[in-house]
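Only one structure is covered here, and it is reproduced in the block below.
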Amino acid sequence: MSPDSEPSKTLSVEESAGAALAAQKAMGLDKEGIPLVGGARVADPPLEPTPEFLAELQRESEALENETPQAILKWAVDRYAPKFTMATAFGPEGMTIIHMLAEIAPETPIFNLETGYQFEETMQLRERVRERYGVTVEYKYPKMSVEEFEKENGGPVYLTDPNRCCFERKLRVLHEAARGWHAWASAIRRDQSEDRAKAPIVGWDKKFQLVKISPLANWTKQQVWSLIMKEGIPYNPLHDRGYPSIGCQPCTRSVMAGEDERAGRWSGFQKTECGLHN
């Protein structure tokens, strides 16, 4: 070494790892050397729930537990877009996430399961979302119209078998709509019901075979509505008429004071979920 030359710097283990990760990202690879597409791993067929991947999701969920919903959504977009989407029924939580995504990643595809039984007030929110955010929520339809479905089954199926009605008008449609995506945003809150009490921030959705991200999981109803009021987020006017949870019109009623907020769903049946989240 010449007297004028500077001694070479020895990188620490952390610095070496950071430099290697930066180099991988520059080449379009994730930390495990797997190619990325807009932050999401290339996967065709879709992501596989290997033990290693499930453990990774658990670590990510725990790391995000105390983050804001906006930070969680930003992470989801960075990690999975353009293979990241959202299904919405235009509930207060869904509208809150749409509001956040409009600021973070307005290009995120959003869709609604148009069963043919939705309230008119619910469907009007689609236009309000377009006017407010410039976002067009895509309708996903069952193969049969309501008229065809009821004719084939001798009348309204929701009166005799609401589980089958939900499967045919919602779940079957969502299974088809979920193909090709790596992750989707869910609007559930843990305090909504016992079925949702243990929902992770990030987890594997076994039913639809993709990553499920619930940025509002640890928020309360009050937090959601406080933001809606503060930001002027559009919401369904039925909420002002005693409908805290809104699904299809024939299977939704207003609730009485002191009832669970989902007590108005499928009233008279031993059913509290349509099957999307349980």
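Quick note: the coordinates plus some simple rules give every number you see, no bench work behind them. This one's a predicted model, so the numbers in the text were calculated from it and none came from an experiment. Heads up, the Cβs are rebuilt from the backbone with ideal geometry, glycines too, and the neighbour counts pull from every protein chain shown.
Here the translational diffusion coefficient of the range 47-235 follows from Stokes-Einstein with Rh set to the Kirkwood radius across Cα pairs; for 37 °C and 0.692 mPa s it amounts to 187 µm²/s.
Charged neighbours of residue 105, selected by a Cβ distance under 13 Å, balance to 0 (K, R count +1; D, E count -1). On a 26 Å Cα-Cα criterion, which of the cross-link pairs 198/221; 206/230; 143/221 come out too long? Pairs exceeding the cut-off: 206/230; 143/221.
In this structure the amide hydrogen of residue 139, modeled in the peptide plane, comes within under 5 Å of the amide hydrogens of 112, none closer than 5 places in sequence on its chain.
Each residue of the range 121-134 is assigned a 3J(HN,Hα), and the resulting list reads 4, 5, 5, 5, 5, 4, 5, 5, 5, 5, 5, 7, 10, x Hz, derived from the Karplus form 6.51 cos²θ - 1.76 cosθ + 1.60 (θ = phi - 60°), x at Gly and Pro.
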